[in-house]
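Asks: Would you mind keeping the following structure in view while I ask a few things?
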Amino acid sequence: QLQLVESGGGLVQPGGSLRLSCAISGFRLDIYTIGWFRQAPGKEREGVSCVNFSDNTTYYPDSVKGRFTISRDNAKNTVWLQMNSLKPEDTAIYYCAAEAYYYCAGFVLPPADFHSWGRGTQVTVSS
């Protein structure tokens with residue numbers, strides 16, 4: 001019953017913006033930490049943001065800090081990833097994932113820590 005569905009991906013020029021959405025059903029969103037991840041062809045999946053269930057604090061790696069913003073609305077069962085100043089190296093499939101009672105902090109966001117995943121949405125940054 002647990003389901004996450006990403007939307008909002010597409011083709012955008014360098015410097016442009018996209019807002020991804022993650023619609024979640026089947027559980028109480030307030031107990032779940034939500035992460036956004038991306039995977040480009042030939043590369044490992046990497047975490048790009050996280051919002052914690054416990055205190056709503058957020059995590060960003062240096063590669064996206066200042067450009068990406070994660071937000072959540074538990075009443076709407078939705079998490080967003082606002083992406084600004086997009087670069088070609090941001091091109092990837094973007095996934096949202098959930099983990100109950102998880103806390104993301106520090107310098108890494110391991111995909112293996114998350115066990116509920118959406119199917120992904122393609123983001124292509126190209127001129």
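The values are calculated or read from the model by the stated rules, or taken from the named source; none is laboratory data. Here the structure is a predicted model, which means the values were calculated and not measured. No Cβ is skipped: glycine too gets one built from the backbone with ideal geometry, and neighbour counts run over all protein chains shown. Calculation scope for accessible area: heavy atoms of the full protein, side chains included, ligands and nucleic acids excluded. Shrake-Rupley method; radii C 1.70, N 1.55, O 1.52, S 1.80 Å.
Asks: Which ones in region 71-108 are under 12 Å from the mean Cα position of the chain (by Cα), open to solvent by 10 Å² or more (accessible area, probe 1.4 Å) and under 17 Å from residue 4 (Cβ atoms)?
Replies: 71, 72, 78, 80, 93, 95
Asks: Look at region 48-76 and say how many of its residues are touching a residue at least 12 places away in the same chain (Cβ under 8 Å) and either part of a strand (DSSP E or B) or aromatic (Phe, Trp, Tyr) (or both).
Replies: Final tally of qualifying residues: 13.
Asks: From the list 20, 11, which one is open to solvent by 50 Å² or more (accessible area, probe 1.4 Å), out of contact with any helix residue (DSSP H, G or I) (no Cβ under 7 Å at 6 or more places or on another chain) and part of a strand (DSSP E or B)?
Replies: 11
Asks: Okay, moving on. For residues in region 77-108 being assigned to a helix (DSSP H, G or I) and among the acidic types (Asp, Glu), which is nearest to residue 22 (Cα to Cα)?
Replies: Of everything passing the filter in region 77-108, 90 is nearest to residue 22 (Cα to Cα).
Asks: Within region 109-124, count every residue that is part of a strand (DSSP E or B) and within 14 Å of residue 8 (Cβ to Cβ).
Replies: Selection size over region 109-124: 4.
Asks: Quick test of your reading of the structure: residue 67 fulfils all but one of (1) surrounded by 17 or more Cβ atoms within 10 Å (Cβ to Cβ); (2) farther than 19 Å from residue 117 by Cα; (3) not aliphatic (A, V, I, L, M). Name the failing condition by number.
Replies: (1)
Asks: On to the next question. Test each condition in (1) open to solvent by 50 Å² or more (accessible area, probe 1.4 Å); (2) within 11 Å of the chain's Cα centre (by Cα) for residue 36 and report the one that comes out false.
Replies: With respect to (1) open to solvent by 50 Å² or more (accessible area, probe 1.4 Å); (2) within 11 Å of the chain's Cα centre (by Cα), residue 36 is out only on (1).
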